[in-house]
């Protein structure tokens, strides 16, 4: 049970914050950067959901993903990989893979790279995808220095794929994609 009755604690005024296990670290620590960027991903998905125009299936997927992202943040904010804390599981990654396959089944193959844009929903999906890639890079950097649950990195990798395919789905199953024309502006 989470209970947050005091929001302003002043505990971080000196540039430090507490991890999930109570350890105090600098606010610019790799671990804090990683779960902070996961929080940014969640916020960008919140914006994306505003542009779904009644697409209940996409909204439900993104609602599950937003909940998962709190799991990812909770996992990252506690050092180590022990099972005594909430940890991301491969089942969450497999769910994303299933959703990717289902969405991609109706989308024609790409003939060029896709530029972020098209519909407002697709543009916001691309923004969420790029922030997810940054979160993944930060989690990988953290894993090079400290223990990170490998399922977190897999989840973030799958999520960026999911958001890419969702962007194409939101662009009329790829018909509204804006594609790259190599050298077009030389």
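The values are calculated or read from the model by the stated rules, or taken from the named source; none is laboratory data. Keep in mind the model is a prediction, meaning the values are calculated, not measured. Here the Cβ positions follow ideal geometry from the backbone for every residue, glycine too, while neighbour counts run over all protein chains shown.
Based on what the data block shows, is residue 62 modelled with pLDDT of 95 or more, farther than 25 Å from residue 150 by Cβ and in contact with a helix residue (DSSP H, G or I) (Cβ under 6 Å, 6 or more places away or on another chain)? No; evaluated as a whole, the condition is false for this residue.
Within the range 34-48, the presence of a residue that is within 18 Å of the chain's Cα centre (by Cα), closer than 17 Å to residue 163 by Cβ and in a loop (DSSP other than H, G, I, E, B) is excluded.
Summed over the range 62-77, the residues that are in contact (Cβ under 8 Å) with a residue 40 or more places away in the chain and farther than 15 Å from residue 44 by Cβ give a count of 4.
Can you tell me which residues in the range 22-43 are farther than 18 Å from residue 99 by Cβ and in contact (Cβ under 8 Å) with a residue 60 or more places away in the chain? 30, 31, 33, 34, 37, 38, 40 - these are the residues of the range 22-43 that are farther than 18 Å from residue 99 by Cβ and in contact (Cβ under 8 Å) with a residue 60 or more places away in the chain.
One residue is enough: does the range 78-94 have a residue meeting the conditions under 29 Å from residue 118 (Cα atoms) and without any contact (Cβ under 8 Å) to a residue 40 or more places away in the chain? Yes: one or more hits.
When you scan the range 50-60, how many residues do you find that are outside any loop (DSSP other than H, G, I, E, B) and either surrounded by fewer than 19 Cβ atoms within 10 Å (Cβ to Cβ) or on the phi > 0 side of the Ramachandran plot (or both)? Quick ask: steps written out before the conclusion?
Our first condition is that a residue be outside any loop (DSSP other than H, G, I, E, B); within the range 50-60, this holds for 56-60.
Retained after the next criterion (residues that are either surrounded by fewer than 19 Cβ atoms within 10 Å (Cβ to Cβ) or on the phi > 0 side of the Ramachandran plot (or both)): 56-57, 59-60.
Looking only at that region, the number is 4.
Comparison of 143, 151 shows that the only residue that is closer than 22 Å to residue 21 by Cβ, touching a helix residue (DSSP H, G or I) at 6+ places or on another chain (Cβ under 9 Å) and touching a residue at least 24 places away in the same chain (Cβ under 8 Å) is 151.
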